[in-house]
Structures are given as structure tokens and as C-alpha cells.
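All of the numbers you see were taken from the coordinates with simple rules; none came from a lab. Not measured: the values here are computed from a predicted model. Cβ coordinates were reconstructed from backbone atoms using ideal geometry, including for glycine residues, and neighbour counts include every protein chain displayed.
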Amino acid sequence: MVAHARETEGVPEARVRLVGISKRFGTVQALSGLTLSVQAGEILVLLGPSGCGKTTALRIVAGLEHPDEGWVELAGQVVAGPRWVPPEARGVGMVFQEPSLFPHLTVLQNVAFGLRGMSRAERLRRAHEILDRVGAGELAGRFPHELSGGEQQRVALARALAPRPSVVLLDEPLSSLDPELRRRMREELRRLLKVEGSTAIVVTHDQEEAFALADRIGVLSRGRLWQVGPPEEIYHAPACRFVADFVGEADFLPGRVRDHVARTELGDFPCNGLPEGALVEVMVRPADLAVEPDADGPAMVVGRRFRGPETLYEVRLASGRVVRCRVSGDAGLKLGTRVRVRATTPRVVVFPAEAGEPG
Ligand code: ATP
């Protein structure tokens with residue numbers, strides 16, 4: 001504990017701190033040394049593939065699981081680890097994948113249910129206020145079975161936010177919605193959390209959702225946190241190949257450092273700080289590459305995915321490596337067309353070839 005405390009000296013006090021959290025279920029190491037802070041009013045999104053430990057991390061913050069190692073602090077107070085504060089005393093609100101409303105209570109009663117230490121009039125005023133904020137004011141008198149999935153989600157959210165929890169934890173809160181509604185609700189959810197001034201940890205495996213919601217994203221894989229930072233940093237400056245690949249589309253060109261640049265099949269790229277002769281992998285995103293028809297070109301179109309406003313071409317380079325190129329609109333290139341591929345941005349990320357990977 002002392003070592004961790006020293007490492008974080010000088011950092012402003014976080015609303016939530018997880019320090020060195022590990023958790024094992026039988027032979028599965030669900031979390032390994034997870035250290036993470038969330039500031040007051042911040043939305044932190046935990047992003048990662050299925051089974052990477054996201055829900056376990058939330059459950060540990062909520063007090064629904066005990067960590068094997070490490071500790072959790074809420075507003076500077078240890079609540080798990082050397083000291084244990086039960087879930088109901090943590091002031092944490094939770095919204096789960098499935099909105100589990102009380103079926104025999106109206107929407108208003110569901111939302112007012114968790115409000116304590118207030119007069120009846122105050123409880124009703126707060127319940128109406130938060131229902132209006134989630135756009136469900138007109139549903140106050142209905143029962144849960146009279147609501148659509150999206151409406152139930154809004155009510156579940158209102159119920160979690162009504163008592164103004166110090167922290168709200170959301171586990172794939174939009175996953176039961178159809179794609180269109182899900183996209184709309186993302187924007188609304190972020191707006192609502194900001195209006196309420198909530199400190200939130202949101203779990204998702206959906207990268208677009210993470211980008212839309214997050215102030216910062218923490219990328220998890222196999223129980224480990226690989227990077228935490230603002231969405232732009234995670235996208236443009238991924239810390240390792242796993243993050244680059246998981247967060248957006250990326251291809252990797254093998255290369256070698258010569259005269260301080262990474263030399264690859266698609267040209268030379270700056271690669272500060274890597275030693276001469278080092279083997280590297282250069283990350284290129286589809287938008288970083290331009291493709292032009294060229295009868296003598298060394299590459300060939302081998303795939304085409306029409307996406308409406310853009311087209312994604314898969315192009316096989318002379319080496320046999322396939323890269324993806326994004327074209328605005330449609331370049332009209334047929335499969336088998338000979339082409340030339342050019343990197344259009346010097347803003348690429350170069351990894352040492354033997355970088356550690358979560359796999
Ligand atoms: P998903 O996105 O699929 O919900 P996740 O990232 O939230 O996944 P967790 O639910 O945290 O992942 O699970 C992490 C690992 O721990 C998984 O391999 C899971 O099977 C295992 N696990 C979680 N809870 C338990 C439990 N109570 N008993 C046994 N294994 C568990």
C-alpha cells in the first residue's frame with residue numbers, strides 16, 4: 001500500500017481510485033493489478049473485449065465482489081481491501097445491461113423508491129425532475145410492462161441517478177437497444193451525466209459508444225489495463241498493438257529503422273527514439289492511405305466494402321500483405337484492378353516489433 005501511495009503523491013484526490021486490484025475466479029485471472037482513478041464529474045469508459053474483466057471491476061467498486069489484492073477508495077475513503085464498506089453504504093448507483101425495474105411499481109414510484117432522508121414532497125419533486133431530464137416525464141404513471149426497451153432504460157437510469165449517487169456505474173447500459181436508438185441514447189446519456197454532474201464509470205465493448213461517451217477511456221484486455229486516456233489519444237497514439245487494433249481499424253507494416261526512419265514497403269516514417277536496425281511495426285489506419293489506379297502498380301484490389309459515404313478497399317501489396325484504404329465516396333475500383341498505395345499522413349505510430357501484447 002505504501003509503495004502505491006508514494007507513486008500517486010501529488011495527484012489531485014480522485015472520486016474513485018482502484019489501486020493494484022487483482023481478482024481470480026478459480027483458474028481465471030479476471031483482473032491483474034488494475035490501478036485507475038476517476039476524477040469528480042468525469043466519465044470514464046472501460047472498453048475491452050468480452051471476458052476482459054470490465055464487469056468485475058465495476059462489481060468491485062460497487063462492493064458486489066471482494067478484491068483478492070489491492071484496494072478501492074471512494075472520495076479518499078478506503079471501501080474495499082484493508083477496510084470493507086458494504087454496498088449500500090457506498091453511495092454508488094448502478095445501471096445494468098437489463099433494466100431491472102420493480103414490476104408492481106409505477107415509473108414514478110420506481111424512481112422515488114431509493115430516495116431517503118427527504119420529505120414525501122421532496123422525493124416526488126426529485127423523481128419528476130430526473131424523469132424530465134431523461135425525457136421520460138410523460139411516463140411517470142405507467143408500469144414497466146407498458147414501456148418499450150428504450151423507455152425502460154431511461155427509467156432505470158433515472159432511478160440510479162435520482163439519489164445523486166457519488167458515483168454511478170453503468171454496465172453496457174445501452175446494449176438492449178436497437179442500433180438507431182442506441183446511437184441517440186449515447187448522446188443523451190453523456191448530456192445527462194454532465195447535467196447531473198455525475199462521476200461515472202461506464203463499461204462497454206463498443207468502441208463507437210466509448211468515443212461518444214467518454215472523457216477518458218481505459219482499454220482492458222485479459223484483466224490488465226493497457227492504456228487510459230482521452231479518446232483522441234487512445235485512437236491516435238495507442239500504447240500497444242492491441243489497443244491500436246481494438247480501437248479502430250489498423251494494419252501493421254513491418255519495417256526496420258535505418259538513418260532514424262522506419263523503412264517499410266510503403267515508404268519511410270519518422271520513428272523517434274528507436275535504435276538503428278530495430279525491427280518495427282508501423283500502424284496505418286485506412287484513412288492514412290490513398291489508393292490510385294495504376295496499370296504498372298505493384299498492388300492489387302482484393303476486397304471492397306461499400307459503407308455509404310465511404311468505401312473501404314482491401315489492397316494486396318507486392319509483399320502479399322493486405323492493407324485497408326478508406327476512400328471518401330467510391331473510387332470505382334473493381335476487384336483485380338492494379339493500383340498504387342500511398343501513405344497520406346506522416347502521423348503514424350511505430351511499435352518495436354517485439355512489443356508485449358495481450359494477445
Ligand atoms: P463481458 O463483456 O462478456 O460482460 P467482461 O469484460 O465484463 O465481459 P467479466 O464479467 O468481468 O468480463 O469476467 C472476466 C472473467 O472472469 C471472465 O473470464 C469470466 O468468465 C470470469 N468470471 C466473472 N465472474 C465470475 C464468477 N462469478 N465465477 C467464475 N468466473 C467468473
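Name the residues in region 254-305 that are farther than 22 Å from HIS236 by Cβ and among the charged types (D, E, K, R), would you?
Selection gives ARG256, ARG258, ASP259, ARG263, GLU265, GLU276, GLU292, ASP294, ASP296, ARG304, ARG305.
Quick one: is VAL301 in contact with a Ser or Thr (Cβ under 6 Å, 6 or more places away or on another chain), crowded, with 17+ Cβ neighbours inside 10 Å and over 30 Å from LEU225 (Cβ atoms)?
Taking the combined requirement at face value, the residue satisfies it.
Condition test on ALA287, is it buried (at least 20 other Cβ atoms within 10 Å of the Cβ), among the small types (Gly, Ala, Ser) and within 24 Å of the chain's Cα centre (by Cα)?
No; evaluated as a whole, the condition is false for this residue.
Provide a single number: the residues in region 278-320 that are in a strand (DSSP E or B), within 20 Å of GLU249 (Cβ to Cβ), free of Cβ contacts under 8 Å to residues at least 60 places away in the same chain and not hydrophobic (A, V, I, L, M, F, W, C).
Number satisfying all stated conditions: 8.
Please go through region 328-356 and give me each residue that is surrounded by fewer than 19 Cβ atoms within 10 Å (Cβ to Cβ), closer than 21 Å to GLY267 by Cβ and of a type in the set (A, V, I, L, M, F, W, C), ordered by number.
Of everything in region 328-356, those that are surrounded by fewer than 19 Cβ atoms within 10 Å (Cβ to Cβ), closer than 21 Å to GLY267 by Cβ and of a type in the set (A, V, I, L, M, F, W, C) turn out to be ALA331, ALA353.
Please go through (1) within 16 Å of the ligand (Cβ to nearest atom); (2) closer than 29 Å to ARG324 by Cα for VAL202 and return the number of the only condition it doesn't satisfy.
(2)
Which members of region 304-318 meet the condition of being exposed (fewer than 13 other Cβ atoms within 10 Å of the Cβ) and over 30 Å from the mean Cα position of the chain (by Cα)?
ALA318
When the residues of region 172-206 are filtered to those that are small (Gly, Ala, Ser) and out of contact with any Asp or Glu (no Cβ under 7 Å at 6 or more places or on another chain), which remaining residue is surrounded by the fewest Cβ atoms within 10 Å (Cβ to Cβ)?
Among them, the one singled out is GLY197.
Within region 154-181, count every residue that is more than 19 Å from LEU115 (Cα to Cα) and away from the ligand (no atom under 16 Å from the Cβ).
Qualifying residue count, region 154-181: 5.
Here's a check for you: in region 22-49, which residue that is near the ligand (Cβ under 8 Å from one of its atoms) and free of Cβ contacts under 8 Å to residues at least 40 places away in the same chain is surrounded by the fewest Cβ atoms within 10 Å (Cβ to Cβ)?
Per the stated criteria, the residue is GLY26.
Out of the residues in region 50-80 meeting the condition of being away from the ligand (no atom under 16 Å from the Cβ) and in contact (Cβ under 8 Å) with a residue 24 or more places away in the chain, tell me which one is farthest from VAL38 (Cα to Cα).
The selected residue is TRP71.
Please give the strands (runs of 3 or more DSSP E) falling wholly within region 177-237 in which 1 or more residues are more than 18 Å from LEU157 (Cα to Cα).
The strands (runs of 3 or more DSSP E) meeting that bar are 216-221, 224-229.
Quick check: is even one residue across region 137-145 buried (at least 17 other Cβ atoms within 10 Å of the Cβ), away from the ligand (no atom under 16 Å from the Cβ) and closer than 25 Å to LEU47 by Cβ?
no
Within region 214-247, count every residue that is within 16 Å of the ligand (Cβ to nearest atom) and closer than 16 Å to ALA40 by Cα.
Counting residues in region 214-247 that are within 16 Å of the ligand (Cβ to nearest atom) and closer than 16 Å to ALA40 by Cα gives 1.
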